[in-house]
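**Q** I am attaching a structure below and will ask some questions about it afterwards.
None of the figures in this text is laboratory data; all of them are computed from the coordinates on show. The model shown is predicted, which means the values in this text are computed figures rather than measured ones. Glycine also receives a Cβ, built like all others from the backbone with ideal geometry; neighbour counts cover every protein chain displayed.
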Amino acid sequence: MSSQEKNLATGTKAEQAKIDGEFVPGVSAARNWITADGSSGFKAEPGRYHLYVGHFCPYCHRCVLTLSLKGLFHVISIDVCSFRRYDERGFEFAPEIPGCTEDTVNGKKFIGDIYGMVGINQRTIPVLWDKKTGTIVSNESSEIIRMLNCEFNEWAKESIDLYPPSLQKEIEEFNEWIYAEINIGVYKAGFAKSQEAYDSAVTVLFNALDRLEEVLAKRRFLCGNQLTEADIRLFPTLFRFDHAYYICFKCNKRMIRDYEHLSGYVRDVYQQMGVANASNMEHCTQGYFSNFGNKIIPIGPDFDFNEPTQRSEMK
Ligand SMILES: N[C@@H](CCC(=O)N[C@@H](CS)C(=O)NCC(=O)O)C(=O)O
């Protein structure tokens, strides 16, 4: 197991591999909640919280998308680390790389140093930092996006609700299988350590994509004609699929652009206000290819995310 996989697989109560050589994701260690009323000890306040992200990372992509769609960039500050990664200290802050920043809050050079400040032995991004108490609130993207959607509405410039009560059950159902079979499915294929584990992962992954293709043949977004948290969790994986996972994680049975509805969907979501400016393909390809294999970044494929679709006519 490489140190990157070890890090991803480190954590409390991580699941056991069911197949020999299967990749098992880690469990995020910091799991506090910010609440609007402050009852959790972390009150939603403008200027108090800070997000450390990397644009190549699909879990960070969820968070930046949520900030952008909700209009919260003026409430929560962001630093962007580079895709340069070192085994012991994690991703590096390299402000000389276009689109990257330094650590403007703690002045650290690596993500691992931020975890070191609070005694947590993990190095993953995203990290939601509390400037007031000097601690990590959360390093679990699924929970960070929920907080950003639900607890900061007082300051949100956009009225969009990504987790409306009437759709919560359906959102949770999509989240569950999309996470297990698609979001983590690509990593299970890419980090498989046996042919059996790889075969199983890609079979599950492409069956799930077929299932999604059927859903999206009938609906504009996963839960109907309204963008929800389920889309915010799916889109980052589909966005990277043809450019990165197809080659570098050997997910090469089909490309997203080979699916009529998935390719239309990925374009449609990309064209929603606030999505393109929160999506950085250059950092994605640099992130995946500069950390794997011979580090050479491939040229393609050509895929125009801005090509018009007819999906706005769907229900
Ligand atoms: N459960 C975490 C997983 C985040 C995660 O795995 N991030 C990767 C980047 S995509 C990471 O930081 N890996 C650490 C490393 O490679 O050292 C979440 O969803 O927030």
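**Q** So how strong a dipole does the chain carry about its Cα centre when Lys and Arg Cβ are +1 and Asp and Glu Cβ are -1, to the nearest 20 debye?
**A** 360 debye
**Q** Kindly flag which residue pairs out of 70/295; 43/109; 70/108 have an alpha-carbon separation exceeding 31 Å in this structure.
**A** Exceeds cut-off: 70/295.
**Q** Within 10 Å, count the other beta carbons around each residue, average over each peptide in 56-69, 158-171, 257-270, 203-216, and list them highest first.
**A** 56-69, 257-270, 203-216, 158-171
**Q** Once you charge only the Cβ atoms, +1 for Lys and Arg and -1 for Asp and Glu, what is the size of the charge dipole of segment 84-139 about its Cα centre, to the nearest 20 debye?
**A** Dipole of segment 84-139, to the nearest 20 debye: 120 debye.
**Q** For residue 137, enumerate residues with amide H under 5 Å from its amide H, sequence gap 5+ or separate chain, H modeled in the peptide plane.
**A** It is 128, 129, 130, by chain and number.
**Q** Going by a 4.7 Å Cβ-Cβ cut-off, which cysteines of the chain have no partner at all?
**A** 63, 81, 100, 150, 223, 248, 251, 284
**Q** A follow-up question, please. Assign unit charges at the C-beta atoms only (+1 for Lys and Arg, -1 for Asp and Glu), then state the dipole size of segment 165-313 relative to its Cα centre in Debye, rounded to the nearest 20.
**A** Taking the Cα centre of segment 165-313 as origin, the dipole is about 320 debye.
**Q** Just to confirm my numbers, what's the Cα centroid distance between segment 220-261 and segment 127-206 in Å?
**A** 14 Å
**Q** Checking the a/c ratio against 1.5 first, then a/b against b/c, what shape does the Cα gyration tensor give for segment 165-313?
**A** It is oblate, given that a/c is not under 1.5 and a/b is not larger than b/c.
**Q** For the chain, list log₁₀ I(q)/I(0) at each q in 0.11, 0.14 Å⁻¹, using the Debye formula over Cα point scatterers of equal strength and ignoring solvent, two decimals each.
**A** For the requested q values the scattering log ratios are -0.67, -1.14.
**Q** Let me ask something else. How large is the helix-only mean residue ellipticity at 222 nm for the chain, computed as the sum of -39500 (n - 2.57) over DSSP H runs with n ≥ 4, divided by its residue count, in deg cm²/dmol to the nearest 500?
**A** -10500 deg cm²/dmol
**Q** What's the Kirkwood radius of segment 3-150 in Å, using all Cα pairs?
**A** Its Kirkwood hydrodynamic radius stands at 15.7 Å.
**Q** Next question. Quick one: net charge around residue 42, please, counting Lys, Arg +1 and Asp, Glu -1 for every other residue with C-beta under 10 Å from its C-beta.
**A** Surrounding charge for residue 42 is 0.
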